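Student: One structure, as structure tokens, below. Some questions next.
FYI, it's all coordinate maths here, none of it is from the lab. Nothing here was measured: the structure is a model prediction, and the numbers come from that model. Note that each Cβ is placed from the backbone with ideal geometry, even for glycine, and that neighbours are counted across all protein chains shown.
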Amino acid sequence: MPIARPTSRVYRAIAWLVRHLMFAMVRYEWRGAEHLPRNGGFIAAANHATELDALTFAHYLFDHGYEPRILAKRGLFTTPVVGSILRATRMIPVDRGSAAAARSLEAARAELGDGACVAIFPEGTITRDPDLWPMEAKTGLARIALATRLPVVPIAQWGAHEILGRYGRVLKPFPRKRVQMLAGRPVDLSDLYDRPVDALVLRETMNRVMDAITELLSELRDEPAPTTRFDLRKHPEHEVKKMYYPPVERP
């Protein structure tokens with residue numbers, strides 16, 4: 001397996017530490033690597049059920065010879081330790097919910113132009129679906145994919161939530177947990193490249209990507225996916241919080 005060899009010493013040191021840490025906690029089952037392009041840049045898109053997904057996602061790509069650039073919320077880049085790591089490894093800050101978000105897309109496009117692998121969670125945040133299925137995605141990935149016309153490889157992952165639950169704060173590393181990763185064929189978007197980039201085209205792009213990820217996840221979970229995806233826009237934020245943080249009953 002062609003493990004990546006970054007030029008950055010910091011990246012190499014962090015990768016060494018993270019790989020050993022993950023192997024200590026995880027029994028990986030990796031499949032679908034034949035669908036990862038060997039030449040040129042590409043976009044890797046995965047589902048997101050726990051904060052630990054970023055490490056399992058990056059580990060899968062790194063150990064197959066790629067040096068992933070993950071889009072992460074800008075606030076993380078200002079924290080004392082994590083921020084230094086993100087900057088040293090050339091991850092890409094995302095300005096969510098603001099006009100400055102365009103800068104994040106331009107940075108990702110530049111990385112792809114250099115032949116890098118940009119790793120994206122299309123949902124933009126951890127899924128709110130009660131059963132951890134992928135929810136409706138943001139359109140950032142669609143804008144990058146249509147502008148660069150580079151392959152979008154769907155990747156499903158399952159099992160990391162057993163180590164760190166959704167919004168969890170306590171790791172459960174032992175015994176080692178089974179984490180499955182499965183990459184699929186690049187999503188065919190060729191018929192959309194020459195169409196005006198409007199809301200319909202952006203949504204169609206994302207539907208194809210999310211359908212592909214969901215189908216792969218259904219295979220990993222060996223169960224059918226819901227017929228409709230959870231849509232965060234249709235659930236007021238306080239209702240979402242109630243769903244996962246029920247009020248404490250007092251005597």
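Student: So if I take the centroid of the Cα atoms in the stretch 54-78 and the same for the stretch 33-52, what is the distance between those two points in Å?
Tutor: 10
Student: Please identify which residues in the stretch 205-219 have an amide N closer than 19 Å to a label point set 7 Å out from the Cα of residue 231, following the Cα→Cβ vector.
Tutor: Under 19 Å, as judged by backbone N against the label point of residue 231, lie 205-212, 214 of the stretch 205-219.
Student: Once the dipole of the chain is set up with Lys and Arg at +1 and Asp and Glu at -1 on Cβ about the Cα centre, which of 218, 174, 110 lies farthest towards its positive end?
Tutor: Value computed over the given set: 174.
Student: Please give the contour-minus-distance gain from residue 20 to residue 131: 0.36 nm per residue of separation, less the Cα-Cα distance, rounded to one decimal in nm.
Tutor: This chain segment gains 37.0 nm when fully extended.
Student: Longest span of the chain, sites excluded, free of chymotrypsin sites (Phe, Trp or Tyr not before Pro) in DSSP loop with at most 16 other C-beta atoms within 10 Å?
Tutor: 1-166
Student: For the chain, what is the Kirkwood hydrodynamic radius in Å, using each pair of distinct C-alpha atoms?
Tutor: The answer is 18.8 Å.
Student: Something else now. Grab the beta carbon distance between residue 35 and residue 167, set R0 = 30 Å, and tell me the FRET efficiency rounded to 0.05.
Tutor: Calculated transfer efficiency: 0.45.
Student: Further, regarding this structure: Hey, how many Å between the Cα centroid of the stretch 217-231 and the Cα centroid of the stretch 155-192?
Tutor: Value for the Cα centre distance between the two parts: 14 Å.
Student: Also, quick follow-up: Report the FRET efficiency, 1/(1 + (r/R0)^6), for residue 3 and residue 102, where r is their Cβ-Cβ distance and R0 is 30 Å, rounded to 0.05.
Tutor: 0.30
Student: To the nearest 20 debye, what charge dipole does the chain have about its Cα centre, counting +1 at the Cβ of each Lys and Arg and -1 at the Cβ of each Asp and Glu?
Tutor: 980
Student: Under DSSP H, which helices of the chain have Cα atoms covering 30 Å or more of the helix axis and a Kyte-Doolittle average no less than -0.5?
Tutor: 199-221
Student: Can you pull the one-decimal nm distance between simple spin-label points at residue 223 and residue 193, each 7 Å off the Cα toward Cβ?
Tutor: 4.0
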